[in-house]
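All of the numbers you see were taken from the coordinates with simple rules; none came from a lab. Keep in mind the model is a prediction, meaning the values are calculated, not measured. Quick reminder, even Gly has a Cβ in these numbers, built from the backbone with ideal geometry, and neighbours come from all protein chains shown.
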Amino acid sequence: MNKKMPPWLAVTAIIGAALAAIFVAGKAMPPPPSDKPALTAKEGSGSDAGKPLPIADFSGKMPSGETFRFSDLKGKVVLINFWASWCGPCRMEAPDLVKIQEKYRDRGFTIVGLSQDDSLQLAADAAKEDNLNYPVLIAPDEVSQAFQISALPTSFLVNRDGKIVWSTLGMTNEQAISDEIEKAL
């Protein structure tokens, strides 16, 4: 009994198995537990506007070897940018972020690049390649979980009072965020 499976049946079985795997994978990864309300990142001020940061302080090593402490930025306007060296859209938005940092840094503004890479060396190499002119570090797990990062790039603009005033899921550019930075400054 050595019968061949019709080609259409094999293709149907493969497609069905792939769809089932996608469905199961999506259901098998619940969001990380948190006692804080979920942040929803949307272009513009969205529902994040006015929310305090989900994590008050964090620290990590920068490529220079120095320790970065978010608390050192108290009183500044900060764009927190979650990114990765392997993320094409992240790398595409980098030149605009460099321009934004250059334009506003003397007015009490900075960007913090929180890399989702597995190693600081990967993040450092990408930061050097893209001429990033702001602090870069590996995002501590608790920070990524607190912000409930589900896609890259994702950015949050934080005002001087530590409240989120703007957020975006996906790429941003100088034009899209400049008005928001001006208001926060």
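See the values below:
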| item | result |
| --- | --- |
| Criterion: in contact (Cβ under 8 Å) with a residue 24 or more places away in the chain, farther than 22 Å from residue 140 by Cβ, of a type in the set (A, V, I, L, M, F, W, C) and surrounded by 20 or more Cβ atoms within 10 Å (Cβ to Cβ) - qualifying residue of 70, 109, 82 | 109 |
| Residues (assigned to a helix (DSSP H, G or I) and loosely packed, with under 15 Cβ neighbours inside 10 Å) located in segment 140-176 | 141, 142, 175 |
| Any hit, segment 92-114, residues being aromatic (Phe, Trp, Tyr) and assigned to a loop (DSSP other than H, G, I, E, B) | no |
| Top-ranked residue in segment 116-131 [being aliphatic (A, V, I, L, M) and under 13 Å from residue 64 (Cα atoms); ranked as surrounded by the fewest Cβ atoms within 10 Å (Cβ to Cβ)] | 120 |
| Of the criteria (1) touching a residue at least 40 places away in the same chain (Cβ under 8 Å); (2) part of a helix (DSSP H, G or I), which one residue 179 fails | (1) |
